[in-house]
Amino acid sequence: MFAAVREAFPDCQRYFRAKARALGVERLAWYDLFAPIGTSATKWDYATATAFFIQQFGTYSDWLSAFAARAFRKQWIDAEPQPGKRAVALCERLLNYRPDFVSMSILAHELGHAYHNFNLINRTALQSHLAETLSETASIFCETIIRQAALQQAEPGEQSAILDASLQGAAQLGISMTSRFLFEQRVFEQRQQRELAISELCALREETQRETYGDGLDPNALQPYLWATKIHYYDPGFSFYNY
Ligand SMILES: [Zn+2]
């Protein structure tokens with residue numbers, strides 16, 4: 001799997017260079033990775049998005065469409081932004097929904113997880129435990145249905161915004177996850193000998209970003225503190241989360 005991901009690094013790095021040109025900078029800083037591109041005229045408010053989902057999921061399966069309709073009707077999703085609510089989405093339950101395509105992709109992704117779990121209802125507890133590599137399949141599949149449908153009806157400026165959101169996601173899954181895995185691997189290796197200082201953790205985080213983002217990122221504008229902000233590193237159930 002990592003070999004296949006590494007083969008795609010040059011394409012991701014080409015996307016970073018293209019994004020830098022679009023933003024008018026020589027090379028992307030870490031924070032530029034998440035900067036918006038294109039113009040998004042369509043307001044995907046929650047009601048519009050949910051109606052779109054029910055319709056588009058139906059192009060794949062009535063079962064999936066009916067599941068999404070039920071989730072919306074029964075108000076399973078806490079979508080309203082609230083102060084203090086963390087800006088992450090977890091399965092079907094929680095989301096800070098904003099009326100844009102990124103929020104809509106997240107909602108599609110998390111509904112895919114919920115749908116996968118729903119289909120596992122009659123499985124045993126052991127059978128329902130999924131490896132990360134498999135558990136992301138249904139979620140990314142649902143995101144893809146929504147992206148393709150939204151691209152078809154979008155204006156050119158909006159198409160750039162949708163493609164950028166999609167490439168951001170792909171780069172996140174391929175490059176960022178690989179850099180986080182390398183970081184975890186090196187931390188575990190070195191931690192067997194001794195405790196590591198904050199400066200060493202930061203240096204490892206930058207080193208693994210340089211190795212994976214290549215010339216796509218400005219080497220002087222990386223994110224050394226990513227180990228401090230990702231909760232996954234601190235949950236004992238998640239050791240090697242990024243594999
Ligand atoms: Zn997921």
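Where a number appears in this text, it was derived from the coordinates with a stated rule and is not lab data. Fair warning: this is a prediction, and the values are worked out from it, not measured in the lab. Cβ atoms come from the backbone with ideal geometry, glycine included; neighbour counts cover every protein chain shown.
Some points to look at:
- DSSP H segments from the chain that extend 18 Å or more along their own axis, Cα-based, with Kyte-Doolittle mean of -1.0 or above: 9-23, 101-119, 137-152, 156-171, 177-191, 198-213
- Given charges at Cβ of Lys, Arg, Asp, Glu: segment 43-153 dipole, positive-most of Pro83, Ile54, His109: Pro83
- Remark: spin-label model distance Met1-Leu126 equals 2.1 nm, labels positioned 7 Å along the Cα→Cβ axis.
- Full-stretch length increase - Asp32, Arg73 - with 0.36 nm per residue and alpha-carbon distance subtracted: 11.0 nm
- Mean Cα-pair separation over length for the chain, i.e. relative contact order, pairs under 8 Å, 6 or more apart, %: 24 percent
- Under the criterion of Cα pairs below 8 Å and six or more residues apart, the relative contact order for segment 9-104 equals 22 percent.
- Reachable lysines, given that their alpha-carbon falls under 28 Å from the alpha-carbon of Lys19 and they are not under 8 places away in the same chain: Lys43, Lys230
- Neighbourhood charge, 12 Å Cβ-Cβ cut-off, centred on Gly214 and excluding it, Lys, Arg +1 and Asp, Glu -1: +1
- Coordinate range of the alpha-carbon atoms in the chain per principal axis, descending: 53, 49, 39 Å.
- Evaluating kT/(6 pi eta Rh) at 10 °C and 1.306 mPa s, with the Kirkwood radius of segment 43-153 over Cα pairs in the Stokes-Einstein relation, gives 111 µm² s⁻¹.
- Computed [θ] at 222 nm, helices only, for the chain once each DSSP H run of length n ≥ 4 contributes -39500 (n - 2.57): -17500 deg cm²/dmol
- The GluC sites (Glu not before Pro) of segment 142-243 that DSSP puts in a loop, and whose beta carbon has at most 12 other beta carbons within 10 Å, are Glu195.
- The alpha-carbon of Lys74 sits under 19 angstrom from the alpha-carbons of these aspartates and glutamates, leaving out residues fewer than 8 places away in its chain: Asp45, Asp62, Glu92, Glu110.
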